[in-house]
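What follows is one structure encoded as structure tokens, with my remarks underneath.
FYI, it's all coordinate maths here, none of it is from the lab. Predicted model, so just to flag it, every value in this text is computed and none were measured. Cβ placement follows ideal geometry from the backbone for every residue including glycine, while neighbour counts extend to all protein chains displayed.
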Amino acid sequence: MVIQAPIPPSYGRSVAERSAAIVDRTLGARSTFTIRPVRATDRRALSDFYAGLSPASRYMRFMGFSAGIDELRARTFCTPDHVHEEGFVAVLDKASPEQIVGHLCLQPYGTRKLELAVAVGDGFQGQGIGRQLITAAISWAEHQGYEAIAATAFADNWRVLRLLSSAGHPAHVIPAGGGTVDVLIPLRAALD
């Protein structure tokens, strides 16, 4: 079953909503998710999402030990200007209150580049949520005229490296020292 996740109409594209049926390995229940831009009202749900990640997942996402995000970081993550920076969340459909199971943020990085960070809930990894978040991010960045997306990851974070390398754009992985790598994804605007 395929449901759809939004790409906001303000992007000036008639992109169909995207989504996919998933299985929540934690609950064992059949679920679907929606990808949408983050909202200011997502602060509590986003804080709960990061607090609910395993210590290993938070370590990989924040590249160091973290108990989650505080109120200030939640507010920052949930209030991008939607012009120079953006955020997307994956939310379970039909969950009340709304449950975030994935988060991606894009921040300006140098000239005409964005830095990307992404996390998917432990029980939902490997089911296409990260790929849908990346697809939404690339679509937004290309529409905004950005030339590339960059990310830094631990060299042994095979899940995120595989995700970024399969984004439909060439990914250049460059050793950065200290057990980390930089990933650069040129976008269509830079390739044309």
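Taking R0 as 25 Å, what's the FRET efficiency between Thr41 and Lys94 from their Cβ-Cβ distance, rounded to 0.05? Could the numbers behind the result be given before it?
Working: r = 18 Å, r/R0 = 0.73.
Computed FRET efficiency for Thr41 and Lys94: 0.85.
Taking only the alpha carbons of the range 9-191, what extent do you get along each of the three principal axes, in Å, biggest first?
Principal-axis extents of the range 9-191 (Cα, largest first): 42, 42, 31 Å.
If I model a spin label as a point 7 Å beyond the Cα along the Cα-Cβ vector, how far apart are those points for Asp48 and Asp70 in nm?
2.3
So who's got an amide H within less than 5 Å of the one on Gly102, skipping anything under 5 residues away but keeping other chains? H placed 1.01 Å off N, in plane.
Residues meeting the criterion, in which the H sits 1.01 Å from N, are Ala90, Gly121.
Please give the peptides 32-38, 130-136, 158-164 ranked by average Cβ packing (other Cβ atoms within 10 Å per residue), highest first, as a rough proxy for protection. Write out the running numbers ahead of the final one.
Working: 32-38: 21.0, 130-136: 22.6, 158-164: 17.9.
Answer by packing, highest mean first, reads 130-136, 32-38, 158-164.
Tyr109's amide H: which non-local residues (gap 5+, or another chain) put their own amide H closer than 5 Å, with H modeled 1.01 Å from N in plane and none for Pro or chain starts?
Leu114, Glu115
Residues of the range 136-157 with the amide nitrogen closer than 15 Å to a label point 7 Å from the Cα of Gln107, along Cα-to-Cβ, please.
150-153
With a point put 7 Å past each Cα toward its Cβ, work out how far Arg188 is from Ala155 in nm, to one decimal.
The answer from the label model is 3.5 nm.
At what distance in nm do the modelled label points of His82 and Tyr59 sit from each other, each positioned 7 Å from its Cα along Cα→Cβ?
Each label point lies 7 Å from its Cα, and together they span 3.8 nm.
Give the separation of the Cα centroids, the range 67-119 to the range 124-192, in Å.
Going from one Cα centre to the other spans 15 Å.
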